[in-house]
Structures are given as structure tokens and as C-alpha cells.
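The values are calculated or read from the model by the stated rules, or taken from the named source; none is laboratory data. Because the structure is a prediction, the values reported are computed rather than measured. Methodologically, a virtual Cβ is constructed for each residue, glycine included, from the backbone with ideal geometry; neighbour enumeration extends over all protein chains shown. Ligands, DNA and RNA are stripped out before the accessible areas are found, and what is left, the full protein with its side chains, is counted by its heavy atoms. Shrake-Rupley method; radii C 1.70, N 1.55, O 1.52, S 1.80 Å.
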Amino acid sequence: MEIAGNRSHSSHPKRKRDDIATNGADHIDLALLEAVEKSQKVVEVLDLRTVKKLSLSFERRLRDNTEARLKYPDQPERFADSEVELHDEIQKLKVLAAGPELYPDIVKLGVVSSVVDLLSHSNTDIAIDAVQLIQDLTDEDVLEDNDEPARVLVDALIENNVLDLLVQNLHRLSETDPDEMSAVYNTLATIENLIEVKPVVAELVCERTKLMKWLLGKIKVRDFDSNKQYASEILAILLQNSTVNQRRLGQMNGVDVVLQAVAMYKSKDPKSPDEAEMVENLFDSLCCLLMPLENKERFVKAEGVELMIIIMKQKKSAYGSAIRALDFAMTNYPPACERFVDVLGLKTAFAAFMGKIPLNKKNKKERYQEELEERIVSLIASLFGGILRGTRKERLLSKFVENECEKIDRLMELYLRYSDRVKVEMERLSEIELDDLEMDEEEKYNRKLESGLYTLQLIAVILGHLWCSEHSQMRARIELLLKQQKLTRQDIKNILQEYHNNIGDLDGPEEKERTQGKIQKFISAL
């Protein structure tokens, strides 16, 4: 099974402000163009001198506001003007985003500390201004090709407790107010920006703040909006490469909450592309959560297996995502496999295996159907790995005998297709080598895996399980189908041997030895 869906937040385009629409004209007004050019000449150049000037002006207004609030705490009208002036100065600071190369100077001037402190300002509007400013300064487009200045800024923000204050401010924002709702979105965007520059922030923000608690609360809300969508995306980003975060969220009842969130779509489809993306984010989060063993246990206890089967039976758009979640849950976890058989999941799984999948606009895409095919093969391989004996094993094996061994026919059909794809890739790699482009063995092997070798290996593993069952009818069918294609058992053995030789120790040396022993048993039996 692949790692957490191979989802990387960097593979998802960051949200960007809407491009300003401009209407082209056939004739250019030269007088207007000249006026624009003249006006641009009087715009101040952004250099160190300008930065110092802006910083001093901002610090002065901040000091005036602080003093006025301390002097007249119960008389808002006495500090209202200084608040308006402070707001204006914060807006002026946004121009700093035009010169990211000057960020180290901005840090030295101490502006970062003052801006971060504004996140806890008594006036929520000023705190919102600070959020918008930090988001502008850390925007992906702004920081592009400015890696070192970006790191200097982000390090300074973190040293000044920006994570704690952003999340504390998040908890006091009300989404019934349009401005505050927008500030929630901007806060999440800022956190994503910080992770983009410094990936360790993904674990820091969960360790130091209550962001995960807020995100869980947000995805539990029944109504859909853009902030719920973004919350689901941030949750997936936090979980995707961090076992620490996966375990932390599991301890916070996160598995149950995410299951409740996806359960809203068990019998209905999302109403928009954005809502559909949110559902995918939720399933991405669920699959990441299912990496640690203890969360697989929580998934089974929360009746996650049953929910995924219901989603598959309803044949809505989350069908493929439910298969993916089951695949993650059942990999190296026999209790999930046993529960799957006990709650009659085999019929639903094998319908998908036979290609009986619900068709809609999404499913008609060839790559989607291939991914689904690969997932269901992985799921069946996991079932064979988790169910070793007893009546459950008999029920699983019987699926390959019923209807004149049609499941074996389908398995061999897939075997041939993926075998051909791997051969094509091997020929392509040989041509690359002839062109004197060097490629080491590991890279070659990874290219083959991407072309379909991994699924081919799983198909060979399933054939190994079937052969080792010593069921005469199944063995005869496999032999017949191989002979028809001018293949032998040696071809299957070769695939299993390559798999055996390349099994890694990601799950520890004991698991590697156990898996290699199992594959060797298949090779010997064949």
C-alpha cells in the first residue's frame, strides 16, 4: 500500500487572490499612459531608508495607541482616533511585501515583534489587520525565489509566538461577522504559508496551540462554507507527514470526529466542486490517521469499517474514497480484516473488483478507474494477509471459486494488463540508457513501481495465496489461464522474487523478515 495516499500539500495549488480582470483596448490613450508614468515617478522607492521610515511611523502610532488605552481604559472615544491612525499605519506596512529581500532588515528593526503582539490587541479589527499583514508578508508568490529572507522572517515570527497568538485570536473570531469570517480564512492561509517555508511548523503548531481542537470543531459543523473546506485542507496538511500529529489527533478522539464528518456524505453527493474537494480532504485526513496501529483500532471500535461499506453500497461520489480508507485500515491489521468479513463486506468489495463500479462524471475518467482498481487489489491482498484461517478464510477463498472461477479470470486479466504496462516501461528505460542517461537501480525500480509493478506484485501475492490453498479447481484454472497466454508459473515466481528482494524495513526488521518468509513460501509452492 502506498504511503498515506501520497498526498502532499505542495501538490495542491495554494489559494490565490482573484486576478484583477483587465479588459484590453484596441487603442491606447497616450495622455493617460503619460499621466500614469508621471505618477509612478513620485512613488517612493522601497529601500532600507523607506523601511526604516515606515517602521518608525508604525511604532509611533502603536505607542500612541497603547498610551491612550492605558490612560483612558474606560473612555473609548479618547483612544478611537489613535486606533484609526494605527489601522492606517498597518495598511502602509503591506508595501513591505514588495521587497522580501529586505525582510532581514525588517526583523532587525523589531517590527515583527510589534506586529505579532497586535494579534492579541483588544480591538479585534486591529488584530484582523495584523493577520492580513502577516499573510501578505508570507504569501507564497511573495516569497518565491527568496528562500533565505523567507526563513529569516518565519523564524522571527515563530520566536515571537506567532503560532500561539494566531490560534488564540482564531478562537475569539465570530464567523457570523463577514470580516471576522474572512480573518479566519486568512489565519489558516498564514499557517499554511508558514508550513510551506518551514515544514516543522506542522508539528510545532499542534504541540504549542489548540489548533487541532479548533479544526475538529470546524469540520463537525454540518453547514458547508469556504472556511470548513480550508480547515479540512489544513488538517490533511498537518497529518500527512507526521506520525506525531496522527497519534496526537487520535488521542483527541479525532478518528471518531473525522468519521462523523465523512458520514454526512454516505448517502448524498457534495453540491459543488469546493465541497467535493473538502470531502476528499476529509478522506485524506482519515487515511493519514489510519497509519498508526492504535488509530486502526479506534477506527474499528468506532464502526468505521461498517460506515465505509455503507458508503460503497450507496454508490455516491465518496465510493472510491471509502475503498481507499478501508485499504489503509486493513493493511497489517487483522482485526479490521476480520470485521470486514463479519459485516458482509466481501460481496461489496468483489463487486468493485469485478469492475461493477458506479458511474458518474468523476468515475468516467480512465485514471480514476485505474486508481480504484489498484486500491481494490491492495484491499484484497490485505484481506489475505489479515485472514489466515477458519471460516473467514474459507469465505474469502470461496469468492474465487463461485461462478466458474470468474474472480480468477478477472485476476489474470489484471495480471496481463499490468504485466504489459511494466514491460513497456522497461523498454522505455532501456531506450533512456541507450541515450547515455544514467539511472541507478533504485530509480529504475521506482519507475517500474509507478508504471504498475506494485499492483502487479500484489496480484502475484494474491495468486500465491490462492495456490497455497491447495484447492484443485483454483489451481487448474490458474494453470489453464497461464497456458492460454503462453505463460508459466515461473513468470509469477519471477515477479514474487523481485518483490521479495526489494521489501524494505520501514515497518521494522521483524516485519520485513515475516513478509519475506511469506513470499518465499509462495515461490516454493509455485
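In table form, for the structure just shown:
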| quantity | calculated |
| --- | --- |
| Out of 180, 196, sole residue that is in the same structural domain as residue 228 (by the TED database), in contact (Cβ under 8 Å) with a residue 40 or more places away in the chain, open to solvent by less than 40 Å² (accessible area, probe 1.4 Å) and out of contact with any Gly (no Cβ under 8 Å at 6 or more places or on another chain) | 180 |
| Subset of segment 168-194 [in a helix (DSSP H, G or I) and either charged (D, E, K, R) or over 21 Å from the mean Cα position of the chain (by Cα) (or both)] | 168, 169, 170, 171, 172, 178, 179, 180, 181, 182, 183, 192 |
| Entirely in segment 381-497, the helices (runs of 4 or more DSSP H) that have 1 or more residues that are open to solvent by less than 70 Å² (accessible area, probe 1.4 Å) and within 22 Å of residue 353 (Cα to Cα) | 390-398, 402-434, 454-468, 472-484 |
| Condition met for residue 45 (assigned to a helix (DSSP H, G or I) and out of contact with any Ser or Thr (no Cβ under 6 Å at 6 or more places or on another chain)) | no |
| Within segment 84-148, helices (runs of 4 or more DSSP H) holding 1 or more residues that are free of Cβ contacts under 8 Å to residues at least 40 places away in the same chain and out of contact with any strand residue (DSSP E or B) (no Cβ under 9 Å at 6 or more places or on another chain) | 103-108, 111-117 |
| For residue 222: the one exception among (1) more than 27 Å from residue 122 (Cα to Cα); (2) in a helix (DSSP H, G or I); (3) over 19 Å from the mean Cα position of the chain (by Cα) | (2) |
| Test: residue in segment 202-209 that is at negative phi, under 14 Å from the mean Cα position of the chain (by Cα) and either touching a residue at least 60 places away in the same chain (Cβ under 8 Å) or in a helix (DSSP H, G or I) (or both) | yes |
| Members of segment 498-515 that are assigned to a helix (DSSP H, G or I) and either under 18 Å from residue 441 (Cβ atoms) or not charged (D, E, K, R) (or both) | 498, 499, 500, 501, 509, 515 |
| Residue within segment 327-338 that is loosely packed, with under 14 Cβ neighbours inside 10 Å and over 26 Å from the mean Cα position of the chain (by Cα) present | no |
| Residue match in segment 152-164 (condition: assigned to a helix (DSSP H, G or I), free of Cβ contacts under 8 Å to residues at least 24 places away in the same chain and either out of contact with any Ser or Thr (no Cβ under 8 Å at 6 or more places or on another chain) or surrounded by fewer than 22 Cβ atoms within 10 Å (Cβ to Cβ) (or both)) | yes |
| Residue in segment 125-142 that is modelled with pLDDT of 95 or more, farther than 21 Å from residue 46 by Cα and among the polar types (S, T, N, Q) present | no |
| So residue 101, is it open to solvent by 20 Å² or more (accessible area, probe 1.4 Å), closer than 30 Å to residue 217 by Cβ and of a type in the set (D, E, K, R) | no |
| Search result, residues across segment 374-400 that are of a type in the set (Gly, Ala, Ser), under 13 Å from residue 339 (Cα atoms) and without any contact (Cβ under 8 Å) to a residue 24 or more places away in the chain | none |
| Residue 286 being more than 12 Å from residue 216 (Cβ to Cβ) and either within 11 Å of the chain's Cα centre (by Cα) or without any contact (Cβ under 8 Å) to a residue 12 or more places away in the chain (or both) | yes |
| Filter result (in a helix (DSSP H, G or I), touching a residue at least 40 places away in the same chain (Cβ under 8 Å) and not aliphatic (A, V, I, L, M)) within segment 340-357 | 340, 342, 345, 350, 353 |
| Test: residue in segment 337-344 that is modelled with pLDDT under 95 and outside the structural domain of residue 480 (by the TED database) | yes |
